[in-house]
Amino acid sequence: MAEICNRKKAWVSFAALLATALVPLSLTSQQRPARPAWPKQAGAYIATSSEAIPAFPRELSGFRSEDGKDFWGKSFSLTGTVRVFQGNGWLGIPSFPSTMNGCSSGFFMIRWRSDSPDVPVQSSVRFSAAVAGRGDIKTGGFGYMSGTNCEQPMFNFGNERNRSNGATLTDVHYELKFWQAAP
């Protein structure tokens, strides 16, 4: 009988210890705001931090995605960095696989941030550096965009030196996800 009581005490102590350890974990997870959902409307969006940028969806109705592949199933680096300079205009991702036809054949999503979030950059979904595309130009240190395979994500430093620190350039770090039309 004494052995049963000792086991019971041990289990009660273990349960109390476990509960004590789990309560702070549950409070911590409750304090973290959830990432927003990816918007249904394509275009450029600004976020206040990396944590406020939506995660890429796992599924997109009518499309499929394959890691490391572009709209057309060809290998393409999904992460990288582009450097934007004051006064140099719009800059896209080198060799971005946009086309001029079949604009419903693919869809891209990009998450990005400025190397120095206090040095904001302009972002826009465009057909080319010279031809504007979908929606407005958005300016910030963090952001995300989406568009069709006929468009591409582009960045611009602007024509003026950064007022807060005098910067004339910044790097933009990005992560891409491509979607290809599927039955």
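The values are calculated or read from the model by the stated rules, or taken from the named source; none is laboratory data. Because the structure is predicted, anything quoted here is derived from the model rather than measured. We place every Cβ from the backbone using ideal geometry, glycine too, and count neighbours over all the protein chains shown.
Please determine whether any residue of region 171-178 is in the same structural domain as ARG58 (by TED's automatic domain parsing) and surrounded by fewer than 14 Cβ atoms within 10 Å (Cβ to Cβ).
No: zero hits.
Using the structure shown, decide if SER105 is farther than 19 Å from ALA42 by Cα and in contact with a Phe, Trp or Tyr (Cβ under 8 Å, 6 or more places away or on another chain).
Judged against the criteria, SER105 is not a match.
Taking PRO57 as the residue in question, decide whether it is farther than 29 Å from ASN159 by Cβ and modelled with pLDDT of 95 or more.
Judged against the criteria, PRO57 is a match.
Given the structure, is SER61 in contact (Cβ under 8 Å) with a residue 12 or more places away in the chain and surrounded by fewer than 11 Cβ atoms within 10 Å (Cβ to Cβ)?
no
Given the options GLY68, GLY89, name the one that is small (Gly, Ala, Ser), over 14 Å from SER146 (Cα atoms), touching a residue at least 12 places away in the same chain (Cβ under 8 Å) and surrounded by fewer than 16 Cβ atoms within 10 Å (Cβ to Cβ). Don't jump to the end; show me each part of the working.
Values: GLY68 fails: touching a residue at least 12 places away in the same chain (Cβ under 8 Å).
Only one candidate passes the filter, namely GLY89.
Considering only region 131-140, state which residues are of a type in the set (Gly, Ala, Ser) and touching a residue at least 40 places away in the same chain (Cβ under 8 Å).
GLY135, GLY140 - these are the residues of region 131-140 that are of a type in the set (Gly, Ala, Ser) and touching a residue at least 40 places away in the same chain (Cβ under 8 Å).
Read through the list (1) within 15 Å of the chain's Cα centre (by Cα); (2) surrounded by 12 or more Cβ atoms within 10 Å (Cβ to Cβ), then give the number of the only condition that CYS103 fails.
(1)
Among the residues of region 141-182, which ones are assigned to a loop (DSSP other than H, G, I, E, B), under 20 Å from TRP72 (Cα atoms) and polar (S, T, N, Q)?
The answer is ASN149, and nothing else.
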